[in-house]
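Okay, so here's the structure we're looking at.
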Ligand SMILES: [Zn+2]
Ligand SMILES: [Zn+2]
């Protein structure tokens, strides 16, 4: 299963930290750290819904002004999260400007700033353009589990690390995907239907196995109802696919407590972005600056058993010597496991996700051009059935098709419900029932 989002460093390894996390199935993005964001097009900045700031050193927060300027009068709501003192820092940034006309702008652009207190209380304050960005305190909540954002498909978790000041580290955690095997469901005497949405939620919420689920479906003979235990469904008809976990750790001093904490927080991360600021030969300087050397970062990544590691936040003093930093980190880490394809490393994916503005596609490009081109179905590979729109009926799944619900395959690649792809000039959309539905040859321009 491919991850739901693609991450990329906005400014490469030497520039200000900013990791852009772009969702593959919706017009939405998250940002970890708000350094210089001049490399992101307005269109990319407007996709941001949530921005997480590790700490307010300039290289991590100086992009605030550009983001604000682009969103003003356009974006509806932007949530910001940061360490202790963050709400006041946002307020001070805003109060550095004169806002006598902003209340007449059409949209009421709103910033919702959150700050994580050391006791894990999440304080919040609202700043609305129509209220001239005056601070409006909001009710706080506890986030003892470190979860700052909890949504249907993912959550963002934070932890505190020491950088001379409290500094946050973040994890983007995809939740488990639930696939339903329709043929196995049939063996249990059950049929697909909207009731499976409740089953998926129950699995996500980790309800106990003896939780009764009401299976309800319609066919030619009318409506059927049956109770079945969640555990039985899980054992016989569901496939749980573990989501991926991306961790982002930067600006930390090297000491035992931090090292142990990173090992726990980033344990078994699929992807670990970790600061790699200095070479070990400049270790004393690194200690004075409360940063890590490549060797220290490598040892932390090794202790965490992170599968893929992306070093970043290189000191500009090593310009042209970045291979030395990477090599030192890899040595300390014990090398790249052989099963990882180097071409698929996130640095490459990131380059695609965060092209410089000049290389971006124009915003008004036809939608069809941005849809993935999957080519022709290869009979040797896994493909979900392709049917005409007229054949598709939500309530009458053809019993002879052995398909998974909730996902469509095209040449072994899984796609989520609602995703449209181009197969040649034909448009195919993944339906609820796990079949591709033909949507014609062309789609009108937007
Ligand atoms: Zn920094
Ligand atoms: Zn810093």
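The table for this structure:
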quantity: Of the criteria (1) within 16 Å of ligand 2 (Cβ to nearest atom); (2) in contact with a strand residue (DSSP E or B) (Cβ under 6 Å, 6 or more places away or on another chain); (3) within 17 Å of residue 32 (Cβ to Cβ), which one residue 275 fails; calculated: (2)
quantity: Top-ranked residue in the stretch 280-313 [being in a loop (DSSP other than H, G, I, E, B) and within 16 Å of ligand 2 (Cβ to nearest atom); ranked as farthest from the chain's Cα centre (by Cα)]; calculated: 289
quantity: Test: residue in the stretch 241-249 that is within 16 Å of ligand 1 (Cβ to nearest atom) and within 18 Å of the chain's Cα centre (by Cα); calculated: yes
quantity: Matching residues, the stretch 262-279, being part of a strand (DSSP E or B) and within 16 Å of ligand 1 (Cβ to nearest atom); calculated: 273, 274, 275, 278
quantity: Residue in the stretch 260-279 that is nearest to residue 306 (Cα to Cα), counting only those that are surrounded by 17 or more Cβ atoms within 10 Å (Cβ to Cβ) and more than 19 Å from the chain's Cα centre (by Cα); calculated: 263
quantity: First in the stretch 43-61 and free of Cβ contacts under 8 Å to residues at least 40 places away in the same chain, second anywhere and assigned to a helix (DSSP H, G or I) and within 16 Å of ligand 2 (Cβ to nearest atom), Cβ under 8 Å, 6 or more apart; calculated: 56/86; 56/89; 61/89
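A quick yes/no check of all residues on (1) away from ligand 1 (no atom under 16 Å from the Cβ); (2) farther than 20 Å from residue 172 by Cβ:
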{"residue": "9", "(1), (2)": "no, no"}
{"residue": "13", "(1), (2)": "no, no"}
{"residue": "26", "(1), (2)": "yes, no"}
{"residue": "63", "(1), (2)": "no, no"}
{"residue": "74", "(1), (2)": "yes, yes"}
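Rule-based calculations on the coordinates, nothing more; no lab input. Keep in mind the model is a prediction, meaning the values are calculated, not measured. Cβ coordinates were reconstructed from backbone atoms using ideal geometry, including for glycine residues, and neighbour counts include every protein chain displayed.
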